[in-house]
Each structure stands twice: as structure tokens, then as C-alpha cells.
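Undergrad: Take this structure first; my questions come after.
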Amino acid sequence: MTANDDLWPFLPGRQSLRIVSARGATLVTDDGRQILDLAGGAIAVNIGHGRAEVARAMADEAERLTYVVPPWSTPSRETLVARLRRNWLPPSLTRAYFASGGSEANESAMKVAVQHFTARGLPRKNKIIGRELSYHGTTLATTGLGGHAARRIGLEAVLQDHPRAPTPYALRGPQGVATDQLGRYYADAMAAVIDAEGPETVAAVMAEPIVGSSGGALIPPDDYWPRIRALCDQHDILLIFDEVMTGFGRTGRRFACDHWDLAPDLLVAGKGLAGGYAPIGGLFASDAVLEPIAASGGEIMFHTFGAHPAACAAADRVLDILEREELVARSAMLGDKLTNWLEEAFADHPHVAEVRGCGLLQAIEVVADRSTLEPFPQNAGVTRRIVAAGLERGIYAYWGGTGTIRDIVCLGPPFTITEAELQRGVAILREAVDAAIASL
Ligand SMILES: Cc1ncc(COP(=O)(O)O)c(C=O)c1O
């Protein structure tokens, strides 16, 4: 069941599952056990595992054109960009850059924002504001920007600090602010950070429009993003949306920004772009962001494997399948059912404070005391226990939270999962939560 310790994992003495095949929403271990993949890996697999036509598209492309230096164009990239423009991206985002994953693409977005203002003769306008609960990737720059306490441990001495605004979090919101005032409250908090830094020094605000696993599918109040968009416009600040987890249908719309009918200046995507079939991240930008850099003779340095031909072919075929099988609508439809099943399973649970999310990005937050929202002690390792109890019972759910905010369990299954599988998964999750808490 566990890998040979001499071979894997990277850290000695740790254990890992060994998965040898996967189909649809089911993973198979080396001893033949089936695990229902309620998290699509790292919430990446959207069209399900084992789709032969994607594998074939990649193989065909690898045979036709293995690799070229990324500044050159290739047919599979052109086809992908045309599809993205035609069917997926907000119309203002016309330019596409590809990296090997979400972290690289996010870091590229940070660089582009700074390069944009330098090219316009405003080099002092170089700060990027993040948010307190967030995750943007594993490079030093994206870790420095993100607000994921656990993933910063041991790196504090070298991380560049960024200003951060509070992330809207209704369950743990401010005392004495009415629910319908929360959007204004959190937007005002962002405005206060911008003012404190000096708008003339701020290049960008970077955020997940719906927070992924770090906050556990946190949806902000309806008026929050329109207010932040207006704030950015007012101060000539670029709005960067990290849609690495939320992009390509995960929240029941093409992108999470579609829930508010607004577009960022830069949009970053990863995971769902190729549905787990290939490592590829995308950075999409408006002409207005890039024109000053081009006019000043600047460059955007490429990653060696950026826009890799086989990865572009995989992404194009995955998006084609999402379109043909109308899987974004299915994510929304299944998401509504999932919310109901989770509510039914956990509404009366003494240790579940909230069920939240939309589409097929949802989460539960487990607490020691539901009335005070007091969490279990960190060293109790409740999230780890729940995930382990789930695996023992045949489901895989994703651990969320940042350490500070914790015991959040996320669900992000393939959009092709059947209703019966999903409903069974929720029932097993309830058993896993009970077993984990009983084991404390
Ligand atoms: C919102 C968000 N941004 C960025 C990343 C980093 O992407 P990657 O792991 O592909 O580098 C992740 C990964 O979980 C993510 O969820």
C-alpha cells in the first residue's frame, strides 16, 4: 500500500498512497482498492480520469512536434488560444502566455504588473497587495504574497512581505456589522490598505475571486468585487484574479469572475485548463496591460516548458470535452445537489460550523464548539484525521485551511462524477468526520 521508502516520498520517513490507475472518478491503489476521488487530485481533474481521446491528442502532438522554444508559435498553441478567446475568456483578455503550472503563471502575473508600471515611467508603483487568507503558489514570490501560514513555515526569513487586506469570511466576520454591509466593510478594509501604502506605490491587487482550499470555498458578498474593481480603476491599480483553482467551470461558471460579470486586468489559470492531463498554467491579459511593455521594448521572459505543444494539445482537447459535454452546466447542477446533500449530512452536526461553496468547489469547516466557533487545537490534526478516515473508507477529500484557519475539508470532484457516487461520497465523509472526532 505504501511506496517503497527508498523511492518516495521526498521527505524520508513519510508515507504515501501508491495509485496505479484511475478512471472516471475512481482511483485504484496498488493493492486493488478503489478510492472515490472527491477532490480531483489537487482539485484539478475536471473531465474525469482516463479519457483516451486526450491521451491520443497529446501523443499525436508529441510525435508531430516535440518542443520548440516558447517565443515561437505552434499550431496546437494557436488552436488553444483561439478556443480560449472564442469560448472561455472575458472578451477584454485577448493575450495569452503559458507556463507549466499555477505558481509560475501567478508569479508571471506579478512580474507583468510591475513591468507595466515601470514601462509607463512609474517604477515606484510596484507593490502587490494580497489577502490574509489566500494561496497563490509555491515559489518564493507567490508564497510571500499568499496568506497561507502553514506553507510559510521555515521560509519566513527569506519571504518578501506584501501588504494584505482581510479576506471576506462571513462565518468569522466582524462583530456588529450587518450581513448586507459586509461587502462594503471588506472593500473599505482593502481601501484602507491601499491608502496606508499610498496608491501611487501600488501596482496590483491579487486575489482568488472565490478562495480555494486555503479558506475553503469562501464566496465574498455580492457587492465586494464590484467595489474592488471600482477601487482599482479609481487608483490605476491592476486587478489580478488567481483562478488557478476556480477556472474552467469549477464553480459552476466558466470563471469565478463570471459570477459578478466583471473582468480582471490579468487572469491566471492552471489546474482545470488541462484537467490534470498536462502541466500547464495560463496568464491572460488585456492589450492595455501589455502595450506599454511592448512599446518600451520590454520582454516577458518565458519558462522553458511554457506553451509546450503536447500540453497545449491536451488543454485544447480538455476544453473541447468541457464544451461538448456541457460540463460547466453540469458542475453548477451537481453543485446545487452537493450543497443539499452536505447540508443534510451536516446541518445537525455538533462539530460542523458551515457548509459553503458553489459548483464543484465546496467545503465544510469543522470546529470544537459550534456556538463559539472555537477550533480544535492545531496539534490534534483534525483535518489529517478526517482525510485519513475518508481514505480508509474509500473516499479522498482535500485538506484545506492555512493552519491559522483550520479543519476545513474541501470537495472538488471531476464534473463527470455520477450523482450516486457523489451522494455516496458525502455519506462516507460524514462517517469519516465522526470517526476522526471520536479518535481525538
Ligand atoms: C488558488 C491557487 N493558486 C495557485 C496555486 C498553485 O498552482 P500550482 O500548484 O499549479 O503551481 C494553487 C494550487 O493549489 C491554487 O489553488
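Undergrad: Show Glu419, Glu208 ordered by accessible area, largest first, where the area counts protein heavy atoms only and the probe is 1.4 Å.
TA: Values: Glu419 70, Glu208 15 Å².
From most accessible down to least: Glu419, Glu208.
Undergrad: Something else: Just how large is the dipole of region 340-435 about the Cα centre, in debye to the nearest 20, putting +1 at every Lys and Arg Cβ and -1 at every Asp and Glu Cβ?
TA: About 300 debye.
Undergrad: With every protein chain left in place, what is the accessible area of Leu122 in Å² (1.4 Å probe, nearest 10)?
TA: About 70 Å², ignoring ligands and nucleic acids.
Undergrad: Which one, Leu89, Thr304, Leu17, projects farthest toward the positive side of the charge dipole computed for the chain from Cβ point charges (K/R +1, D/E -1)?
TA: Value computed over the given set: Thr304.
Undergrad: Whole angstrom only: what separates the Cα centroid of region 10-67 from the Cα centroid of region 283-322?
TA: Taking the Cα centre of region 283-322 as reference, the centre of region 10-67 is 25 Å away.
Undergrad: Moving to a separate point now. What full-extension length gain, to one decimal in nm, is calculated for Glu53 and Ser296 as 0.36 nm per residue of separation minus the Cα-Cα distance?
TA: Length difference between fully extended and current span is 83.1 nm.
Undergrad: Taking the Cα centre of region 284-327 as the origin, how large is its charge dipole in debye, to the nearest 20, when only Lys and Arg (+1) and Asp and Glu (-1) carry charge on their Cβ atoms?
TA: Roughly 180 debye, rounded to the nearest 20.
Undergrad: Turning to a different aspect of this structure: Report the Cα centroid-to-centroid distance between region 155-197 and region 348-407 in angstrom, as an integer.
TA: About 23 Å separates the Cα centre of region 155-197 from the one of region 348-407.
Undergrad: Further question: Among His148, His308, His349, which one shows the highest mean-square fluctuation when the chain is modelled as a Gaussian network with alpha-carbon springs under 10 Å?
TA: Of His148, His308, His349, the Gaussian network model singles out His349 as fluctuating most.
Undergrad: Students sometimes get this wrong: rank Trp341, Trp399 by accessible area, probe 1.4 Å, all chains present, largest first.
TA: Trp399, Trp341
Undergrad: Is region 52-324 best put as rounded, prolate or oblate by its Cα gyration tensor, with a ≥ b ≥ c the root eigenvalues, rounded for a/c under 1.5, and otherwise prolate when a/b is larger than b/c, oblate when not?
TA: Prolate is the answer for region 52-324, as a/c is 1.5 or above and a/b outweighs b/c.
Undergrad: Excluding ligands and nucleic acids, what accessible area in Å² is computed for Asp316 using a 1.4 Å probe, to the nearest 10?
TA: Its accessible surface works out to 20 Å², give or take rounding.
Undergrad: For region 301-335, state which trypsin sites (Lys or Arg not before Pro) are in a DSSP loop and have at most 16 other beta carbons lying within 10 Å of their beta carbon.
TA: none
Undergrad: With a 1.4 Å probe and every protein chain left in place, tell me how much accessible area Thr139 has, in Å² to the nearest 10.
TA: Roll a 1.4 Å probe over it and Thr139 shows about 40 Å².
Undergrad: Using all C-alpha to C-alpha distances in region 1-150, build P(r) with 10 Å bins and read off the rounded percent in each one.
TA: 8, 20, 33, 27, 10, 2, 0
Undergrad: Another question, if that's okay. How about Lys271: which lysines have a C-alpha closer than 26 Å to its C-alpha, ignoring those fewer than 8 places off in the same chain?
TA: Lys111, Lys337
Undergrad: Filter the trypsin sites (Lys or Arg not before Pro) in region 30-65 to those in DSSP coil with at most 16 other Cβ atoms within 10 Å of their Cβ, and list the result. Provide the component values of the computation, followed by the final result.
TA: Details: sites: Arg33, Arg51, Arg56, Arg64; in loops: Arg33, Arg51.
The qualifying sites are Arg33.
Undergrad: Find which of Met58, Leu155, Leu262 sits farthest along the positive direction of the dipole of region 52-324, computed with +1 on the beta-carbon of Lys and Arg, -1 on that of Asp and Glu, about the Cα centre.
TA: Going by the Cα projections, it comes out as Met58.
Undergrad: Would you mind working out the accessible area per residue for the chain, using a 1.4 Å probe, and quoting it in Å²?
TA: Averaged over the residues of the chain, the accessible area is 42 Å².
Undergrad: For the chain, give the magnitude of the charge dipole about the Cα centre (Cβ charges: +1 Lys/Arg, -1 Asp/Glu; no others), in debye to the nearest 20.
TA: 460 debye
Undergrad: First check a/c for region 398-440, with a ≥ b ≥ c the square roots of the eigenvalues of its C-alpha gyration tensor; if it is under 1.5, answer rounded, and if not, answer prolate when a/b is larger than b/c or oblate otherwise.
TA: On the way: a/c = 4.92, a/b = 1.41, b/c = 3.48.
Oblate is the answer for region 398-440, as a/c is 1.5 or above yet b/c matches or exceeds a/b.
The values are calculated or read from the model by the stated rules, or taken from the named source; none is laboratory data. These figures come from a predicted structure and were not determined experimentally. Note that we place each Cβ from the backbone using ideal geometry, even for glycine, and neighbour counts take in every protein chain shown. Heavy atoms of the whole protein, side chains included, go into the accessibility calculation; ligands, DNA and RNA do not. Shrake-Rupley method; radii C 1.70, N 1.55, O 1.52, S 1.80 Å.
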